[in-house]
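The block underneath contains the structure these notes are about, expressed in structure tokens.
Read-outs throughout are calculated quantities, based only on the coordinates presented, and are distinct from any laboratory measurement. These numbers were taken from a predicted model, which means no experiment stands behind them. Every residue, glycine among them, receives a Cβ derived from its backbone with ideal geometry; neighbour counts consider all protein chains shown.
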Amino acid sequence: MSDLSDEALMERVQKGETHLLELLIKRYEKPLFAYAFRVVQQRNAAEDAFQETFLRVFRKRDSYKVGALFRPWLYTICLNTCRDALRARSRRPEAELEKAALFVADAQPGPETLSSQTMLAERIRTAIERLPDKQREVFLLSYYQQLQYPEISEILEIPVGTVKSRMFHASRFLAEQLKDYRES
């Protein structure tokens, strides 16, 4: 069974072999969780988003179009789940406290206490967070999930040209944000 394509597995799930959803969950456990974590930036929220994504896959299994690629369909569901989680989190009063705590935590460690790699990773993470939402979505799907532009286009429901433009602007912004690090 594990040699079946994602699409073949999903087609069989649609036909009632719901136990095969476990194979898809195992296949996508690491990359989809990593993507959710990069979007929501909290481990518990990412775990919830991952679980909710596959609950939605199960509930919406009949809406999956046979012959369509599974991965873009899955990532679309995950992205929408993460967006829902972010909206819900921003409506909570403690959300402002979380933001303030992150700001204070970022300001505390001095460069002398962090290794060069840790500092660079932190600067990259911060630069990615500063990207406009639409550019960050494209960047995360392309760079971290290694999706092709047509797949990203399908997931975000935007033209491929828009994907390319957002990726170009995101790359240029990140290069500018990390310019002084490269020069040192």
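For the stretch 1-49 and the stretch 122-184, write down the distance between their C-alpha centroids in whole Å.
Measuring centre to centre over Cα atoms gives 24 Å.
Is the C-alpha gyration tensor of the stretch 1-94 telling us rounded, prolate or oblate? Criteria: a/c under 1.5 is rounded; beyond that, a/b larger than b/c is prolate, otherwise oblate.
Taking the square roots of the gyration eigenvalues as a ≥ b ≥ c, the stretch 1-94 is prolate.
Trypsin sites (Lys or Arg not before Pro) within the stretch 1-98: which are DSSP loop residues with at most 16 other Cβ atoms inside 10 Å?
Lys15, Lys60, Lys65
Holding the Cα-Cα limit at 26 Å, pick out from Lys26/Lys60; Lys30/Lys134; Lys15/Lys134; Lys30/Lys60; Lys30/Lys179 the pairs that are longer than that.
In this structure, Lys15/Lys134; Lys30/Lys179 lie more than 26 Å apart at Cα.
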